[in-house]
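To start, the structure itself, in structure tokens.
The values are calculated or read from the model by the stated rules, or taken from the named source; none is laboratory data. Predicted model, so just to flag it, every value in this text is computed and none were measured. Don't worry about glycine lacking a Cβ; one is built from the backbone with ideal geometry, like all the others, and counts go over all protein chains shown.
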Amino acid sequence: MTERISAREAIALVTDSFAELPVPEGEFPPDGPLSWEGYGDARARAAGRTGEEESVVCGTATFGTASFGTTIDGREPLGPVTAVLVAFEFGFLGGSLGERTGDRLEAAYDHARTHRLPVVSLVATGGSRMQEGMLALTQLQRVARQSALTREAGLAQIAVLRDPTTGGGWATLGAGADVTLALPGAQVAFAGSRVRPPDADPAAYTAEAQVAAGSADALVPTDGLREALALWLDLLTRPAAGAAPVPAALGDATDPPATGWEAVQRARAAGRPRAEAYLDAYFTRRAAIRGDRCGGADDGVLCGFGRAHDGRTVAYAAQRGTPTRPAGYRTAARLVRMAGRLGVPVLTLVDTPGAANDADAERQGAGPAIADLFAAVAGARTPVTTLVIGEGGSGGALALAAPGNTWATPDSYFSVIAPEAAAAILKRPVGEVRATADRLRIRPQDLLDLGVIRGISPYRPTS
């Protein structure tokens, strides 16, 4: 279990400055809206212990200046980022949500939209406040609406899951954020510790389990939280203008392949540059998102946001040369839609022999996942740029490709199906696989002639 700290300690840990927002006014009966005997005394004791009047502290904060010093990656910093900060005080009735908590959260979100600020939530809560009954539970709807309005306004939301994060706080502020970070060892689950089945596996209710299941993006230790938040806020508030530039090809090959089979061999070569090399060359810093928020994660697809060399933010989704699993497609779709809401252009790197076709992939919804990514790219609000850096295997690769703005490297190919599979389907002998590769016209120059791609990196089109 991670160390529990107060709301004020958490604020001091991650911010450079903090100014509390005015507390909304309103009458509150001595024992609350349900006249729950002893509730007023319990609130008074909680206030005495914590120094707070409610379970959440809201204000505006600056991030970034102290996190990086005077420069970022050898460059002048882009400046501090101001955000609305929400910090839960678990010592106040278990960080539970009641009507007054909802008042404060609504006011904080309204301030964020009015002043065009991102929202950071430092969550530590046991759920809804029983002493206020259903009136407390309905605060989740109130919070969800504020989050949705803020999302529609194109403002980023980042959550940090402290210990514990359970119940409605996890199911709204935590899991509903654009980016969800978690402290190692934190208890994170919808079900609190006192309401789980007696034979439940305790490991399933942890931050580590939520990251593994794709429900949270990353584990961040306490001493790395200030820098992580500063970086995420910097990336999500400084989008690049226009489409993402096409990366330059990194491989040794400079001329297009002579034959279709040579194109296949180049793309399958073990020493060919892969996604990590392209991302390292393209960005000075980057931060990853993980998971499809449906219980799955695919390490074969890298997704996140990065700072390009011009200092602006570009989102990326990059295949790593493995068969892409349903969770990978759903995570990429999540990335494209998030980037669209935030006004960030997208770079995709295509490199897969195709979609995973095992039984588990079918059970996990391979077809719907691919369809969802096709839809996300087709309806993208911001420009999408694609570079094929290796194998372009059928629809499993095409789902990640931008219509009208796809490029290819000299050591890549794109095909309706792998030459070996094509020959088998056409009932051709194994000896005709190479000839089939030529017939499919899968070389980069073939793709250019056919109008499938715009150009061969590092070359540019003539018009």
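Things to note:
- Some residue of the stretch 21-33 being part of a loop (DSSP other than H, G, I, E, B), aromatic (F, W, Y) and over 15 Å from G102 (Cβ atoms): no
- Sole residue being over 25 Å from P245 (Cα atoms), more than 24 Å from the chain's Cα centre (by Cα) and in contact (Cβ under 8 Å) with a residue 40 or more places away in the chain, chosen from P419, P429: P419
- Considering the stretch 251-283, and only residues there that are more than 23 Å from A422 (Cα to Cα) and either of a type in the set (K, R) or in contact with a Phe, Trp or Tyr (Cβ under 6 Å, 6 or more places away or on another chain) (or both), the residue that is surrounded by the fewest Cβ atoms within 10 Å (Cβ to Cβ) turns out to be R274.
- Residue check for E106: among the acidic types (D, E), over 30 Å from D310 (Cα atoms), modelled with pLDDT of 95 or more and assigned to a helix (DSSP H, G or I): yes
- Qualifying positions in the stretch 187-221 - assigned to a loop (DSSP other than H, G, I, E, B), in contact (Cβ under 8 Å) with a residue 24 or more places away in the chain and within 22 Å of Q364 (Cβ to Cβ): F190, A213, G214, S215, A216, D217
- If you check P326, P419, P410, P353 for being more than 25 Å from Q445 (Cα to Cα) and touching a helix residue (DSSP H, G or I) at 6+ places or on another chain (Cβ under 9 Å), only one passes: P326.
- Residue satisfying all of: in the stretch 69-82; surrounded by 17 or more Cβ atoms within 10 Å (Cβ to Cβ) and closer than 22 Å to T284 by Cβ; modelled with the highest pLDDT among these: V81
- Qualifying residue in the stretch 170-186 (condition: within 18 Å of D234 (Cα to Cα), outside the structural domain of R381 (by TED's automatic domain parsing) and not in a strand (DSSP E or B)): yes
- Residue tally, condition in contact with a Pro (Cβ under 7 Å, 6 or more places away or on another chain) and part of a loop (DSSP other than H, G, I, E, B), over the stretch 266-297: 1
- Just one residue in the set T114, T101, T150, T180 is surrounded by fewer than 18 Cβ atoms within 10 Å (Cβ to Cβ) and modelled with pLDDT of 95 or more; that residue is T114.
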